[in-house]
Amino acid sequence: MTAEAQGVGRSSEPIDLQALIETIPALVVCALADGSAEFANRAWHEYTGCSSPEVTGWGWRAAIHPDDLPKLIQEWTVATAAGKPFEAEARVRRADGEYQWFAIRKALAVSRDQVGKPSLRALIACEDIQERKRAQDRLQQSEQRWQTAFENSAIGIMMRDRADRIIAANRAFRNMLGYTESELYQLCQIDITYEEDRELNLELIGELWEGKRQHFQIEKRCRRKDGTLVWVRNNVTLVPGTGDVAPFLFTIVEDVTQRKKEESERRYSEEKYRVVVEAASDAVVCTDESGAILLANPATTRVFGYESAELIGKPLTVLMPEFLRKLHESGFKRYLATGQRHINWQGTELTGLRKNGQEFPVEISFGEVTADGHRIFTGFVRDITDRKQAEELRASLHAAQVELARVSRLTTMGELAASIAHEVNQPLTAVTNNANACLRLLANHNLAPEVLRQALEEIVADGTRASAVIARIRGFIKKTPSEKSMVEINDVIQEVLALARRELSENRVLLESQLTQALPIVLADRVQLQQVLLNLIMNGIEAMAVVADRPRLLWVQSQVNQSGDVLVEVCDSGTGLRSEADRVFTPFFTTKANGMGMGLPISRSLIEGHGGRLWATPNSPHGAVFSFTLPAAAGNSS
């Protein structure tokens, strides 16, 4: 304090009051009852940097923060008028211009002046509370952050008291159940818990309150406001009471409905897979990356003879014969290293080994899945012993059928022996006659060059004709495997009619043909088609052998039907089918005295082997119509 200020103080105040406030470490201003200052202690001057003249009167208020001063004055006025203690908080400017928070209190003091007269003064003491305010600010910010995090958390948060009443719930929890905040506060948590889940939930909560546990986790169903159920996972913790705050349960609530749905679907899928595997008639074997068997279904016992439990942990090679084991092991190692398969994994035929050492044919298919970073291989193994035996039987039956068809052709050739002899004899007789004529003319020295040339040309033509007849016969009866090629059906019809010409003539049968030109090409065995046509034509001739009261007419037609297939029809005017139309294709059924009853069944089998159809219908007014179709070869047009 300056000497001038001290002088002023000594002239207006007793020395004992001023000395008293100098001993107070707080900032102190001595003021009159109306709040105007008379002087301040050294601590005030040093903190604010204000001189005594700047403090006296109302000058001391200049150190108060402008935002805090109006409230300070108002509270001072109210407290003074009511005769109550005054206490306020305000920021006071430091000498460097910075403001610090202070608690400002007023105390009354009575002193005597130099003549002993009592005088009332107000001591304004300022206590530094800057650190306290900072702590309060930090606490307030922490509470604000907590409140913000609580309300905006993506996971539901709920608190409830010992009576199980909900005392706080964030937005996520409210949205999860569809309740408003006020509605939730009227409920207990047990009210929103699904009935079947309440008992366990209450038991765990009881253990919390009894101190048997500090927290627990439970997955349960809660009932939403609209009555629907939602699966939740609750993490519940007991928060101890502090001061005036009673203990409460703090619960983090996670909606796990989607996860539960996926788990249920996965369990359903796994159950379906298990049922399929258990009920499968094929052996199902699962192995790991080492080739060890992890699972074998019941059918494995029937297929391989091992009980499922016997195979668990054993190598897959135990189900293979010795010659396949090394091949499998090296191929499997290569696949694990490179992904390259040494065999096709779908429908491959191999050899299996039963527990009793018996080898048998199997068909295998394998698949691979990766679960939790581990590769699992599942194999489906089918015992194809019966199928292989059936294939062998079919092959032998086919061979028998082929041989029977050939026998049928030979039988037909036997029936045509006279016609064939006539067809060959005619050109051979012509050759002989021409040769004899040339010899006679040559003996008479009367063989002109032109006559010789003409005779030789006729000999060549007749020899070629005889050779063609023999070639057709050899091709018809030759024992060769079935071979399909692109065939013009009209050419086949003409070839067969040429073979049957003599039989038609001798049986006085009139032949009419209507062959549609530019028919689609068919993929067929030429000899088999010749056999079918010849059989149908010969049957027609024989059916008309007893007809004497009407013309014997055989009509052959080729065309394209509505389905785009080639249609061939052989019609006769014979005795007809009567009620036997459905039986004529039955093996060993015949209406001929010397027939075997195999011609038509073989013919139908041959046509069906080409993807076609052969059937019979009555002809009007007399006779029968035998028709067959053949599919057009792919890629050709009419």
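Of the GluC sites (Glu not before Pro) in segment 109-212, the ones in a loop by DSSP (not H, G, I, E or B) with at most 14 other beta carbons within 10 Å are 210.
Solvent-accessible surface of segment 296-387, taken per residue with a 1.4 Å probe and all protein chains present: 56 Å². Sparsely packed loop sites in segment 138-246 (the chymotrypsin sites (Phe, Trp or Tyr not before Pro) outside DSSP H, G, I, E and B with at most 13 other Cβ atoms within 10 Å) comprise 185. Computed on protein heavy atoms with a 1.4 Å probe, the accessible areas place 159, 544, 486 in the order 486, 159, 544, largest first.
Calculate the length of the line joining the C-alpha centroid of segment 51-103 to that of segment 483-504, in whole Å. Measuring centre to centre over Cα atoms gives 132 Å. Expressed as a whole percent, the accessible area of segment 63-194 that falls on carbon and sulfur atoms is 51 (1.4 Å probe). For the pair segment 349-370 / segment 128-207, the C-alpha centres are spaced 62 Å from each other. In this structure residue 372 has an accessible area near 150 Å², from a 1.4 Å probe over the protein heavy atoms. Within the shell defined by Cβ-Cβ distances under 14 Å, the residues around residue 387 carry a net charge of -4, with Lys and Arg each +1 and Asp and Glu each -1.
If you keep only loop residues by DSSP, which chymotrypsin sites (Phe, Trp or Tyr not before Pro) in segment 41-141 have at most 14 other Cβ atoms within 10 Å of their Cβ? Within segment 41-141, the qualifying chymotrypsin sites (Phe, Trp or Tyr not before Pro) (loop, at most 14 other Cβ atoms within 10 Å) are 58. Stokes-Einstein D for segment 184-315 at 20 °C, 1.002 mPa s, Kirkwood Rh over Cα pairs, in µm²/s? D, rounded to a whole number, is 112 µm²/s. Placing pseudo-labels 7 Å out from each Cα toward the beta carbon at residue 337 and residue 221 gives an inter-label distance of 5.5 nm. Defining a contact as two alpha carbons under 8 Å apart and six or more residues distant in sequence, what relative contact order in percent does segment 119-241 show? Result for segment 119-241 is 16 percent.
Rolling a 1.4 Å probe over the protein heavy atoms leaves residue 608 with an accessible area of roughly 110 Å². The residues packed around residue 517, meaning those with a beta-carbon under 14 Å from its beta-carbon, carry a net charge of -2 if Lys and Arg are +1 and Asp and Glu are -1. Within a Cβ distance under 12 Å of residue 172, other residues only, what is the Lys/Arg minus Asp/Glu net charge? Net of charged neighbours comes to -1.
What segment 66-184 shows is 61 Å² of accessible area per residue, with the surface traced by a 1.4 Å probe over protein heavy atoms.
The values are calculated or read from the model by the stated rules, or taken from the named source; none is laboratory data. The structure presented is a predicted model; accordingly, all values stated were derived computationally and were not measured. Using ideal geometry, Cβ is built from the backbone for each residue, glycine included, and neighbour counts are taken over all protein chains shown. With ligands, DNA and RNA removed, areas are computed over all heavy atoms of the protein, side chains included. Shrake-Rupley method; radii C 1.70, N 1.55, O 1.52, S 1.80 Å.
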